[in-house]
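Only one structure is covered here, and it is reproduced in the block below.
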Amino acid sequence: MKNKLAIALALGAVTTTALAGPVEDQIRFRQSAYSFLGWNTAKIKAQAADHPETFNKDQVIAAANAIAAVANSGLNELYGEGTDKGTGWKPTRLKAEYFEKQAEVKEIDATFIKEANELQKVAASGDVAAIKTQFGKVGATCKSCHDLIRVRE
Amino acid sequence: MKIEVHVWDWPLRLFHWLLVLAVVGAYATGKVGGEWTDWHGRFGSLVLGLVIFRLIWGFIGSTHARFINFFPTFSRLLAHLKGDWHGVGHNPVGALAVFALLATLLFLVGTGLFANDDIAFEGPLYYLIDKDFSDKLSGLHIRSVNVLLVLVAVHVAAISFYQHVKKTDLIKPMLTGKKQLPKSLAPSSAQPVGVLRFVFSLLLAVTVVWSVWGGDPLKYLTPLAGVQTAQANGKS
Ligand code: HEM
Ligand code: HEM
């Protein structure tokens, strides 16, 4: 019985690492994902807030879709044990406290997904003012997570 | 016998209370982020303009606004600690706090101008430097916010200490400009504000803020100065 449990646990551990890969891969994947998010948020900010005269509905919809897709892609799988240290594209900025703040992180994850889905909906409407407002909410969610679990430079 | 002495000139008082507004605004909007980041840039720019103005005013403002008249030199500090200081402007220890506050604010706006939040907000000069350096400055920006918080707490605590323990009202003079002083101690009132000096300081402060945001004040000013050709050749 004990052995079976150990095997099951070991298998579980193997499959999760197999899915997300070694520590460096996880860090690299999540850094890539967040950089990609940054590209899309910058685009929406530019077109819906800073320079509304450049608003391009298709590009903004594409960006909102991309953000929602990334938000829903299960990024939390890339936060395996030991990924608070190590180097992906560059040294990781994940705080060690990440692992003790699971409750808060879960809440942020849920908010992030909710607001990103909403942004996707609002973007489809093409209403620039509404997009700007909803985009602000998404941005605040990004920030809340960075404040909580990302190391300050 | 107490007489009324004019101590703080009106630009300095205006500076102070606008600064309080701008700093509180920048702090709140910086913390909230999201849709408020643009306002953070605006409040921050107001801080920038005010600090530039104050730096100029420290040289050409009226008596007690001038840095040279309250610079905390060692001998002044020593005199103050011994209770031998009898000025009417900032006392030497208060002056330390004034310079610390101004320096921290200057550092905050200096780093803020180049900072980025990795989401959707950059200082207006972000594009002049590379991303890694901007990330460093963003980190320093956020850290120096804590220094500011400490200084403001000390500042406000000191003022309320004077208010309640030493029974000296410093706040009213910061509002009205006037202090009631014993006749024996009272020097003559501060010299009146030079209107031209004020306009000059204000224009310079506005020009700095405007330039930082990519406005091109020279374009508007050069025709007045008759140097359009030099400017036209200098810039494409
Ligand atoms: C008194 C002046 C200022 C104060 C009190 C202030 C305060 C703050 C605060 C509280 C934050 C958020 C820190 C956090 O998330 O914990 C912040 C971030 C930021 N501020 Fe300022 N700020 C000031 C001036 C400026 C100026 C003039 C600019 C440029 C226009 C600026 C640009 C930024 C940027 C880009 C960030 C994001 C940095 C990051 O999250 O990495 N700030 N500031
Ligand atoms: C954001 C918060 C604040 C900042 C950054 C700030 C900054 C400053 C600065 C730079 C000065 C020097 C004035 C000069 O010569 O230029 C000053 C003086 C003064 N401040 Fe503030 N201040 C803040 C909040 C307050 C508050 C809330 C009060 C009132 C309770 C206050 C009351 C005073 C007074 C009475 C003086 C004159 C002190 C003296 O007589 O030497 N300040 N403050």
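The values are calculated or read from the model by the stated rules, or taken from the named source; none is laboratory data. Remember, predicted model here, so these are calculated numbers, not experimental data. Methodologically, a virtual Cβ is constructed for each residue, glycine included, from the backbone with ideal geometry; neighbour enumeration extends over all protein chains shown. When the accessible area is computed, the model is the full protein with side chains, heavy atoms only, and any ligands, DNA or RNA have been set aside. Shrake-Rupley method; radii C 1.70, N 1.55, O 1.52, S 1.80 Å.
In nanometres, what is the gap between the two model label sites at B:Gln180 and A:Ala110, each 7 Å from Cα along Cα-to-Cβ?
For B:Gln180 paired with A:Ala110, the spin-label model returns 6.0 nm.
For chain B, what class follows from the C-alpha gyration tensor (a ≥ b ≥ c being the square roots of its eigenvalues): rounded when a/c is under 1.5, otherwise prolate if a/b is larger than b/c, else oblate?
Here chain B falls in the oblate category.
If I model a spin label at A:Asn72 and A:Trp89 as a point 7 Å from the Cα along the Cα→Cβ vector, what separation in nanometres do I get?
2.5 nm
For B:Arg13, A:Arg28, what's the largest-to-smallest order of accessible area, 1.4 Å probe?
Final ranking, largest accessible area leading: A:Arg28, B:Arg13.
Mean residue ellipticity at 222 nm from the helices of chain B, using -39,500 (n - 2.57) per DSSP H segment of n ≥ 4 over the full residue count, to the nearest 500 deg cm²/dmol?
The helix-only estimate for chain B comes to -21500 deg cm²/dmol at 222 nm.
Stretched out fully, how many nm does the piece from B:Phe133 to B:Ala153 gain, at 0.36 nm a residue minus the Cα gap?
Contour length minus the Cα-Cα distance gives 4.2 nm.
Add +1 for every Lys or Arg and -1 for every Asp or Glu among the other residues with Cβ under 13 Å from the Cβ of B:Ala22, and state the total.
+2
Give me the percent relative contact order of the range A:62-123, please, defined on Cα pairs under 8 angstrom at least 6 residues apart.
That works out to 48 percent.
Going through the range A:82-131, which trypsin sites (Lys or Arg not before Pro) have at most 14 other Cβ atoms within 10 Å and a DSSP loop state?
Taking the range A:82-131 and a limit of 14 other Cβ atoms within 10 Å, the loop trypsin sites (Lys or Arg not before Pro) found are A:Lys85, A:Lys101.
Can you give the charge dipole size of the protein assembly as shown about its Cα centre, rounded to the nearest 20 debye, using +1 on the beta carbon of Lys and Arg and -1 on the beta carbon of Asp and Glu?
1360 debye
Separation between the B:Thr168 and B:Val145 pseudo-spin-labels, each 7 Å from Cα along Cα→Cβ, expressed in nm?
The two pseudo-label positions are separated by 3.4 nm.
Between B:Leu77, A:Gln31, B:Leu48, whose Cα lies farthest towards the positive end of the dipole of the protein assembly as shown when Lys and Arg beta carbons carry +1 and Asp and Glu beta carbons carry -1, centred on the Cα centre?
B:Leu77
In debye to the nearest 20, how big a dipole does the range B:111-181 give about its Cα centre with +1 on each Lys and Arg Cβ and -1 on each Asp and Glu Cβ?
For this selection, approximately 860 debye.
I need to check one value: relative contact order of chain B, counting alpha carbon pairs closer than 8 Å and at least 6 residues apart, in percent.
Relative contact order of chain B: 30 percent.
In whole percent, and with a 1.4 Å probe on the protein chains, what portion of the accessible area of the range A:22-149 is carbon and sulfur?
Of the solvent-accessible surface of the range A:22-149, carbon and sulfur hold 57 percent.
Can you give me the angle between helix B:131-164 and the longest principal axis of chain B, using Cα atoms only, in degrees from 0 to 90, rounded to the nearest 10?
Here the helix axis deviates by roughly 20 degrees.
Calculate the dipole size of the range B:2-235 relative to its Cα centre from +1 charges on Lys and Arg beta carbons and -1 charges on Asp and Glu beta carbons; express the result in debye to the nearest 20.
Its charge dipole is roughly 1120 debye.
How much mean residue ellipticity at 222 nm does chain A get from its helices, if each DSSP H run of length 4 or more adds -39500 (n - 2.57) and you divide by all residues, to the nearest 500 deg cm²/dmol?
-23000 deg cm²/dmol
Angle between the Cα long axis of helix B:195-212 and the longest principal axis of chain B, 0 to 90 degrees, nearest 10?
40 degrees
Tell me: how much accessible area in total is hidden between A and B, 1.4 Å probe, Å², nearest 100?
When A and B are taken together, about 1400 Å² of accessible area is lost.
How much accessible area per residue does the range A:22-149 have, in Å², with a 1.4 Å probe?
Accessible surface, normalised per residue, equals 51 Å².
Given an 8 Å cut-off on Cα distances and at least 6 residues of separation, report the relative contact order of chain A as a percent.
27 percent
By how many degrees, between 0 and 90 and to the nearest 10, does the Cα long axis of helix B:37-60 differ from the longest principal axis of chain B?
Approximately 50 degrees, to the nearest ten.
Over the whole of A:27-38, what's the average partner chain Cβ count within 10 Å per residue? Rounded to a whole number, please.
1
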